[in-house]
Amino acid sequence: MVKGVIILFSAAVVTALTVNHFSPWGIALIGNWNTEKGVISAKPKNDVVAHEREIGDIHIVKEIYDRGGALFVDARPVEVFNEGHIAGAVPFPAGEMEERIEAFINTHAPETRIITYCSGRECEDSHILAEYLTDFGFKTVQVFVDGFPAWEKEGYPVE
């Protein structure tokens with residue numbers, strides 16, 4: 001009886017792990033969970049998180065902002081954007097990319113330096129948006145990984 005339970009349990013575990021691995025909605029079992037290295041990602045490969053495009057130092061982001069050297073693009077939902085955002089930023093929710101891309105392209109040149117942000121290191125929306133904008137021909141798209149919460153905490157300009 002015990003042997004049968006062990007065999008049944010083992011078969012269930014193997015089946016569950018196999019289905020999880022091949023399912024598009026599967027849960028990654030390993031990944032980057034260290035926020036010190038950038039955005040948290042459950043998926044170690046084939047992921048939207050491109051750590052080389054991240055800006056992890058808020059002081060560098062503030063210098064760029066002060067020079068007027070980039071367009072800040074908020075990837076959070078419009079309702080959240082309206083509650084507070086980096087002063088001068090434009091909303092471009094990651095969940096509405098297809099609806100908004102044409103107007104964005106018509107308003108901003110491909111050479112525009114863009115810095116996307118969202119709600120911090122646990123949020124991948126800014127990476128999703130950065131990749132999307134890059135795919136549409138924007139040449140310099142970076143991600144402010146600490147996002148609006150860090151900006152607001154520092155007392156930097158918000159609207």
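What does the net charge come to around V78 if you take all other residues with beta carbon closer than 13 Å to its beta carbon, with K and R at +1 and D and E at -1? Value of the local net charge: -4.
3J(HN,Hα) couplings calculated from phi for the range 62-73 with the Karplus curve 6.51 cos²θ - 1.76 cosθ + 1.60 (θ = phi - 60°) are, in sequence order, 5, 4, 4, 4, 4, 7, x, x, 7, 8, 8, 10 Hz; Gly and Pro show x.
Electrostatic bookkeeping for T134 treats Lys and Arg as +1 and Asp and Glu as -1; over the other residues with beta carbon under 14 Å from its beta carbon, the sum is -2.
The H on the amide N of H85, modeled in the peptide plane, is under 5 Å from the matching H of E159, each at least 5 residues off or on a different chain.
Sorting L129, L8, L17 by solvent-accessible area of protein heavy atoms yields L8, L17, L129, largest first, with a 1.4 Å probe.
In the calculated pair distance distribution of the range 92-159, what percentage of Cα-Cα distances lie above 17 Å? Tail fraction, whole percent: 43. Here the 3J(HN,Hα) profile of the range 91-99, calculated from phi with Karplus coefficients 6.51, -1.76 and 1.60 at θ = phi - 60°, is x, 7, x, 4, x, 10, 4, 5, 6 Hz, Gly and Pro shown as x. Once the other residues with Cβ under 14 Å from the Cβ of E96 are scored (Lys, Arg +1; Asp, Glu -1), what is the net sum? It works out to a net charge of -4. Residues whose amide H comes within less than 5 Å of that of G120, counting only those at least five positions distant or on another chain, are G147, F148 (H built at 1.01 Å from N in the peptide plane). Less than 5 angstrom separates the built amide H of Q142 from those of I114, I115, T116, all sequence-distant by 5 or more or on a different chain. Residues in the range 12-22 carry Karplus couplings, in order, of 5, 5, 4, 4, 4, 5, 5, 4, 4, 5, 8 Hz; the curve used is 6.51 cos²θ - 1.76 cosθ + 1.60 with θ = phi - 60°, and Gly or Pro positions show x.
The values are calculated or read from the model by the stated rules, or taken from the named source; none is laboratory data. Computed from a prediction, not measured in an experiment: that's the story for all the values here. When we count neighbours, we look across all protein chains shown, and the Cβ atoms used for this are built from the backbone with ideal geometry, even at glycine. Heavy atoms of the whole protein, side chains included, go into the accessibility calculation; ligands, DNA and RNA do not. Shrake-Rupley method; radii C 1.70, N 1.55, O 1.52, S 1.80 Å.
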